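Single-structure report; data block below.
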Amino acid sequence: MTDEAVLVKNRPAPSNPLRDPQDRRLPRIAGPCGLIIFGVTGDLARTKLMPAVYDLANRGLLPPGFALVGFARREWANEDFEKVVHDAVKEHARTPFREEVWKQLREGCRFVQGELGDDPSFERLRTTIDELDRERGTNGNHAFYLSVPPKLFPVTVRQLKEHGLADQGTEHWRRVVVEKPFGHNLESARELNQIVSEVFPPEAVFRIDHYLGKETVQNIFALRFANQMFEPVWNANYVDHVQITMAEDIGIGGRAGYYDGIGAARDVIQNHLLQLLALNAMEEPVSFDARALRIEKQKVLAAVQLPRRLDLHTAHGQYADGWAGGRKVGAYLDEEGIPKDSRTETYAAIKLEVDTRRWAGVPFYLRTGKRLPKRVTEVAVVFKRAPHLPFAATATEELGHNTLVMRIQPDEGITIRFGSKVPGTQLEIRDVTMDFAYGGAFTESSPEAYERLILDVLLGDPPLFPQHEEVELSWQILDPIVDFWAEHAKLEQYPSGTWGPSSADEMLARDGRTWRRP
Ligand code: BG6
């Protein structure tokens with residue numbers, strides 16, 4: 001056998017969940033383990049994390065001895081914590097409430113009252129975890145979920161280290177789950193990474209970008225790489241431009257403390273929207289394992305180019321008062337906890353290009369905003385017009401651009417828009433749409449993003465978690481834009497309930513295009 005043949009023969013089979021027959025037969029069930037949530041009294045824990053844990057338990061995907069530990073300052077006893085989990089599950093869980101599932105989950109609930117900077121608190125946490133290992137067979141396998149503001153990450157991971165809770169072993173694992181924002185710029189992201197990586201090895205760090213946990217976002221892989229008909233036209237020869245929209249009708253709610261000074265671009269473009277861009281623009285990975293996926297995503301992010309004129313090709317704004325859902329709503333500056341002179345943007349739009357052979361010259365327009373007319377997230381791939389239309393000009397007056405829209409939420413599915421002959425004796429062509437809706441095509445309902453992501457953490461399955469390099473590349477894209485806004489740009493107000501500042505429309509008009517009105 002030649003050396004090369006030996007190499008090929010010994011190469012491990014690529015792990016590809018889309019091809020692995022085992023995956024279809026065996027549900028992915030987490031082994032013995034516990035989940036410890038710091039910041040358990042916060043909104044995220046109550047509305048997303050606790051319900052997701054219950055839904056996983058309800059679907060039989062958690063081990064019988066699973067433990068859920070809450071850590072917070074509140075003076076709660078175990079029973080108080082159990083009640084909070086119970087109420088959160090009843091209010092927010094996706095799957096029906098079943099007493100027997102709840103009973104089993106409740107037996108594994110523990111609360112540790114404490115301060116993050118306080119040693120005795122972490123000793124109590126350690127004792128609780130040791131007890132769980134003995135009583136519920138969690139075997140030393142624990143994931144620590146940092147649902148706390150980023151400024152508290154350093155103290156938390158250091159305490160985990162000092163109290164022996166981050167010790168890795170051959171017989172057990174310790175993982176840390178970090179919620180975004182991963183820093184507020186490149187420099188702080190690097191510092192944060194440095195702190196976390198002093199305590200946990202890279203394979204034990206799970207950075208949550210909950211968009212990657214969404215079914216419709218994972219479906220981008222299926223759409224692009226499981227089909228033959230889209231990929232040949234997925235490039236600059238056929239695509240005119242791409243619009244990625246994440247619109248929200250809500251304001252900032254009670255999140256003033258987090259949001260002010262952060263703003264729309266750092267809050268969701270740096271992570272969710274740039275990830276959507278990467279998934280749509282990347283090349284086919286050699287497999288769907290984490291390493292292969294990250295390589296392709298990083299290549300795309302590294303190829304992203306900013307427009308030379310940030311004043312002309314970006315836009316930002318802040319919501320003024322107006323109307324939302326039929327009621328009068330106040331301005332951002334009137335929200336509780338927001339300084340009257342705040343310059344934080346609640347709307348952001350940017351134009352990017354991807355400097356690769358596949359995408360050269362194709363603009364990717366990204367926009368997001370709060371208090372827009374509706375909640376909708378979509379990726380619209382807008383195609384060029386046919387190079388020649390062999391019809392009378394009047395026949396195609398109402399023909400737009402062919403468009404493929406990935407409807408990420410709330411009306412999950414895919415729409416394809418194309419021209420069709422209007423029935424009648426004349427030749428007249430008008431746009432029609434062809435729709436795929438999850439609700440109509442599948443009987444299974446989609447799991448919540450956090451269900452999928454928490455399960456993947458407990459299984460140690462990393463493809464859906466951005467790696468630090470991706471985070472850095474994303475900040476490299478965003479930093480010059482937010483710095484430019486801070487120094488040079490005027491912040492425009494837009495009335496609540498409208499599609500954002502007029503500068504965003506002008507930005508597209510300069511390119512001879514318009515935003516979609518989903
Ligand atoms: C979060 C942002 O990451 O995503 C919020 O911090 C935003 O500001 C939220 O409201 C939207 O998530 P979803 O899943 O409702 O689109």
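The values are calculated or read from the model by the stated rules, or taken from the named source; none is laboratory data. Keep in mind it's a predicted model, so treat the numbers as computed, not measured. Neighbour counts are summed over all protein chains in view; Cβ atoms, including those assigned to glycine, are modelled from backbone coordinates with ideal geometry. For the accessible areas, the whole protein counts, side chains as well, though only heavy atoms, and no ligand, DNA or RNA atoms are used. Shrake-Rupley method; radii C 1.70, N 1.55, O 1.52, S 1.80 Å.
Of note:
This table checks each residue for (1) under 16 Å from Asn219 (Cα atoms); (2) out of contact with any Leu (no Cβ under 6 Å at 6 or more places or on another chain).
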site	(1), (2)
Glu444	yes, yes
Glu448	yes, yes
Val457	no, yes
Gly460	no, yes
Leu464	yes, no
Glu469	no, yes
Trp475	no, no
Leu478	no, yes
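- Inter-residue pairs, beta-carbon under 6 Å, first within 29 Å of Met507 (Cα to Cα) and in region 243-257, second of a type in the set (Val, Ile, Thr) and near the ligand (Cβ under 8 Å from one of its atoms), 6+ apart: Met246/Val268; Met246/Thr377
- Residue match in region 220-230 (condition: within 11 Å of the ligand (Cβ to nearest atom), open to solvent by 40 Å² or more (accessible area, probe 1.4 Å) and either in a loop (DSSP other than H, G, I, E, B) or within 29 Å of Thr344 (Cα to Cα) (or both)): no
- Subset of region 231-255 (residues that are more than 16 Å from the ligand (Cβ to nearest atom), aliphatic (A, V, I, L, M) and either assigned to a loop (DSSP other than H, G, I, E, B) or under 16 Å from Arg357 (Cβ atoms) (or both)): Val233, Ala236, Val239
- Residues of region 442-501 that turn out to be more than 16 Å from the ligand (Cβ to nearest atom) and basic (Lys, Arg), as a count: 1
- Number of residues in region 345-369 that are open to solvent by 10 Å² or more (accessible area, probe 1.4 Å) and either under 23 Å from the mean Cα position of the chain (by Cα) or at pLDDT below 95 (or both) equals 3.
- Unique residue being within 11 Å of the ligand (Cβ to nearest atom) and surrounded by 20 or more Cβ atoms within 10 Å (Cβ to Cβ) when the list is Tyr258, Tyr211: Tyr211
- When residues in region 123-151 are screened for being surrounded by fewer than 17 Cβ atoms within 10 Å (Cβ to Cβ), modelled with pLDDT of 95 or more and outside any loop (DSSP other than H, G, I, E, B), 8 of them pass.
- Selection count, region 297-330, where residues are surrounded by 17 or more Cβ atoms within 10 Å (Cβ to Cβ) and either under 24 Å from the mean Cα position of the chain (by Cα) or hydroxyl-bearing (Ser, Thr, Tyr) (or both): 13
- The residues in region 401-433 that are assigned to a loop (DSSP other than H, G, I, E, B) and surrounded by 14 or more Cβ atoms within 10 Å (Cβ to Cβ) can be counted, and the count is 5.
- Taking each residue of region 487-502 that is assigned to a strand (DSSP E or B) and looking for partners that are modelled with pLDDT under 95 and open to solvent by less than 30 Å² (accessible area, probe 1.4 Å) with beta-carbon atoms closer than 9 Å, six or more apart or interchain, yields Ser496/Ala324.
- Members of region 371-384 that are within 30 Å of Lys328 (Cα to Cα), part of a loop (DSSP other than H, G, I, E, B) and either open to solvent by 10 Å² or more (accessible area, probe 1.4 Å) or among the hydroxyl-bearing types (Ser, Thr, Tyr) (or both): Arg371, Pro373, Lys374, Arg375
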